[in-house]
Amino acid sequence: MKRTLKELSVRVLILLIGLTIAHLGVTLFLLANLGADPFNVMVQGIYRTLSHFTDWSLLTHGNTHMVISFLIILLLLIVDRSYIKIGTLLCMICGGPIIDFFTGLLAFLFQNNPSMVFKVIANAAGCVILAFGMTIVIKSDAGTGPNDLVALVIIEKLHRKFGIVRIIVDVCFVLIGFALGGSVGIGTVICAGLVGPVAGFFLPHSEKIVDTILNRTR
């Protein structure tokens, strides 16, 4: 069924809310510096490598995130452009700046070398927040982030199982990031073990939230 402009606008707004929540979570475990999620390990590694070769003031983790997402979208346009929706482009454009915004807002919490307990709690909280925001993005049905599309495209093109492909893609992200100086540690393990199950818990609840919003705006 064809969507009205109003419904599409509401879905995009829901996606942006979910994206903001998800990247608040990403920011927390980046600031905890115990190891990020696989994709952000790669982003962090590339960002740190570039930082060694340039003093460009505009170079931030968020901007690096945006450029890498843009390159993934360019590749997907060659492979199969049907995967690219308006939400995919918004994830590319908005994800990095949201991380930079929350980094500036919350950096003071991690000054003066906070305790390991505080860092672990922040990392775990970040994973839970990321998982919740991610399910809102998914249930908005307005598009998927470029990094998540990598596994999805491979799965559908090669007809492989989701779990195996997702693990392989995540391992590749981590290996690239680690080789370039990204942080891999207990936080990466926490993300790997926590985000999936928590997202599975939130998915039905997020679906109800999105359906309620859509029904009330019709």
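The values are calculated or read from the model by the stated rules, or taken from the named source; none is laboratory data. The model shown is predicted, which means the values in this text are computed figures rather than measured ones. Backbone-built Cβ (ideal geometry, glycine too); neighbour counts: all protein chains shown. Note: accessible area is taken over every heavy atom of the protein model, side chains too, but ligands, DNA and RNA are not part of it. Shrake-Rupley method; radii C 1.70, N 1.55, O 1.52, S 1.80 Å.
Quick notes
- Order of exposure, largest accessible area first, which applies to LEU77, LEU58 with probe 1.4 Å: LEU58, LEU77
- Sorting MET42, MET134 by accessible area puts them as MET134, MET42; the probe is 1.4 Å, largest comes first, and only protein heavy atoms count.
- Exposure of ILE86 as accessible area (Å², to 10), given a probe of 1.4 Å and all protein chains: 80
- Segment 129-145 and segment 36-98 have Cα centres spaced 18 Å apart.
- With a 1.4 Å probe rolled over the protein heavy atoms of all chains, the accessible area of ARG160, ARG11, ARG216 falls in the order ARG216, ARG160, ARG11, largest first.
- Mean Cβ neighbour count within 10 Å, used as a protection proxy, ranking 179-187, 138-146 highest first: 138-146, 179-187
- Value of Rg to Rh for segment 64-188 (Rh from inverse mean 1/r over Cα pairs, i.e. Kirkwood): 0.99
- Bins of 10 Å, starting at 0 and running to the largest distance - Cα pair percent for the chain: 8, 32, 39, 17, 4, 0
- Dividing the summed -39500 (n - 2.57) terms of all DSSP H runs of n ≥ 4 by the residue count of the chain sets its mean residue ellipticity at 222 nm at -27500 deg cm²/dmol.
- Whole-percent pair-distance distribution, where bins are 10 Å wide, for the alpha carbons of segment 22-89: 18, 42, 32, 8
- Per residue accessible area of the chain, 1.4 Å probe, in Å²: 54
- Couplings 3J(HN,Hα) for segment 82-98, derived from phi with the Karplus relation 6.51 cos²θ - 1.76 cosθ + 1.60 (θ = phi - 60°), are 5, 6, 8, 10, 4, x, 4, 5, 5, 4, 5, 6, 8, x, x, x, 5 Hz, where x marks Gly and Pro.
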